[in-house]
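The values are calculated or read from the model by the stated rules, or taken from the named source; none is laboratory data. Note that the coordinates shown come from a computational prediction; the quantities given were computed from them, not determined experimentally. Note: ideal-geometry Cβ built from the backbone for every residue, glycine included; neighbour counts use all protein chains shown.
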Amino acid sequence: MNSKKEKYLWHFLTSTLYIFLLLLSILFFYIKGKIPTEISVFDFLILGLATFRLTYLFVNDAVMDFLRDYFGKFERGVGKSISELITCPWCVGIWIALLVGFLYFLSPLAWFFFFILALAGLGTFAHFLSSLFVKKANS
């Protein structure tokens with residue numbers, strides 16, 4: 001199989017896995033009788049910031065270099081697909097959103113963890129903004 005077709009195959013399989021996990025999550029909450037139907041605006045913002053921070057952690061932060069470097073060695077197969085996944089903020093973001101959403105509705109204990117991540121996300125965002133203003137002032 002040529003590398004482009006193999007790449008598409010692995011991307012298709014990881015996308016299929018995502019859809020399967022999404023449907024499994026819905027089924028889990030359905031069986032538990034806890035299908036989520038609403039969320040407060042504040043919680044939505046907390047979850048959004050937590051998703052942002054976790055996504056940034058996997059895609060950019062030095063602490064996860066070991067993971068990106070490990071999968072970056074692969075030139076084909078699932079390793080290459082994961083390498084491409086964890087270097088793409090849009091790709092990682094959708095997987096992290098699934099995890100964050102599932103854990104939020106699974107356990108109230110997850111909220112505190114997401115709150116801490118949201119605070120870190122605000123700090124990261126503030127750092128981005130301050131960096132932009134410093135660069136602009138120095139130009």
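Side notes on the structure shown:
- Lone qualifier among Ala110, Ala137, Ala120 - being in contact with a Phe, Trp or Tyr (Cβ under 8 Å, 6 or more places away or on another chain) and farther than 30 Å from Trp10 by Cβ: Ala110
- Tally of residues being under 22 Å from Ile26 (Cα atoms) and of a type in the set (Val, Ile, Thr) across the stretch 64-111: 4
- Taking the stretch 86-115 as the range and being farther than 27 Å from Asp69 by Cα and aliphatic (A, V, I, L, M) as the test, the residues that pass are Leu103, Leu106, Leu109, Ala110.
- Scoring Leu54 on the criteria (1) exposed (fewer than 13 other Cβ atoms within 10 Å of the Cβ); (2) in a helix (DSSP H, G or I); (3) not basic (Lys, Arg) leaves a single failure, condition (1).
- Number of positions in the stretch 16-61 that are under 25 Å from Phe112 (Cβ atoms), aromatic (Phe, Trp, Tyr) and over 18 Å from the mean Cα position of the chain (by Cα): 3
- Condition check for Lys73: loosely packed, with under 12 Cβ neighbours inside 10 Å and either basic (Lys, Arg) or in contact with a strand residue (DSSP E or B) (Cβ under 8 Å, 6 or more places away or on another chain) (or both): yes
- Just so you know, in the stretch 69-107 the residues that are part of a helix (DSSP H, G or I) and hydroxyl-bearing (Ser, Thr, Tyr) include one that is nearest to Thr55 (Cα to Cα), and it is Ser83.
- Candidates Phe133, Phe125: the one that is exposed (fewer than 14 other Cβ atoms within 10 Å of the Cβ), of a type outside the set (Ser, Thr, Tyr), assigned to a helix (DSSP H, G or I) and at pLDDT below 90 is Phe133.
- Count - residues of the stretch 43-74 that are free of Cβ contacts under 8 Å to residues at least 40 places away in the same chain and farther than 14 Å from Leu122 by Cα: 18
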